[in-house]
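Read through the structure below, which is laid out as structure tokens, and then see the notes.
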Amino acid sequence: MAPYAFQRRLIFEERTYPADDETTCLQPFFGQRTADDACWIVTLASEYGQRADMMSPEETAYTLAQATAAGILPPLTDLESGSELLDYRVQLRGCMSEILIAGLVAALDKPDARVYWRQTDANVYTCVIGAGVAACLDTTSGRETLSLRYANALASVLAHVHMAAELPRSRLFLQTTLYERFDALLENARLIAWVWLAG
């Protein structure tokens, strides 16, 4: 028999994997929630520990690991004026699942969270991310929000800035610090959510 008889033919296919219209698994923990995406998410009331069979433990861990500040919070570098910085507000229920939000709130009680996040009211935590700028996390149930607060003098300056080049603070620096502080919380939140789901 000729030596080339068993050689395999190479087949070239030009497409991405997965294809644009395919998904390997759901992204139920962050991003804009739809009823279909969130249908199996554990409800806070009674279903911790009963992960649905739609995802394997590996897929669940993978999707949890992808829940980062950069994937959840809109970038500050896209904001062009002082008023946009003053109005920066993220409704967390629009971009995070209920169980991840619950994990985030629980993570605020961890000792390492207190290094940067200070409780300033019953349901409000703040974290300095720049000179005269603080991230404010309101954990009021059903209205969980992340916003930015400014010292009065800085807020007054920002109100009159209409171009990015005139901003008195670096948006990239503020964004980097905000993402670092939020990611530190998310690290514990993901762990807490995993324990609840795997329970």
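The protection proxy used here, the mean number of other Cβ atoms lying within 10 Å of each residue, ranks peptides 72-81, 128-137 as follows, highest first: 128-137, 72-81.
When the convex hull of its Cα atoms is viewed from all sides, segment 69-115 shows a mean projected area of 4.3 nm². For segment 128-145, putting each phi into the Karplus relation 6.51 cos²θ - 1.76 cosθ + 1.60 with θ = phi - 60° gives couplings of 6, 10, x, 5, x, 10, 10, 7, 10, 10, 9, 9, 4, 4, x, 10, 4, 9 Hz, in residue order, rounded to whole numbers and with x for Gly and Pro. Full extension of the chain between Ala70 and Phe173 yields a length gain of 35.7 nm, computed as 0.36 nm times the residue separation minus the alpha carbon distance.
Treating each Cα of segment 58-175 as an identical point scatterer and summing with the Debye formula, the log10 of I(q)/I(0) at q = 0.11, 0.23 Å⁻¹ comes to -0.41, -1.39. At the residue level, Glu166 shows approximately 100 square angstrom of accessible surface with a 1.4 angstrom probe and all protein chains present.
Given their separation in residues at 0.36 nm each and the Cα-Cα distance between them, Glu58 and Asp138 gain 25.6 nm when the chain is fully extended.
The values are calculated or read from the model by the stated rules, or taken from the named source; none is laboratory data. Everything numeric here is computed off the predicted structure, so don't read it as measured data. Don't worry about glycine lacking a Cβ; one is built from the backbone with ideal geometry, like all the others, and counts go over all protein chains shown. Ligands, DNA and RNA are excluded from the accessible area calculation, which covers all protein heavy atoms including side chains. Shrake-Rupley method; radii C 1.70, N 1.55, O 1.52, S 1.80 Å.
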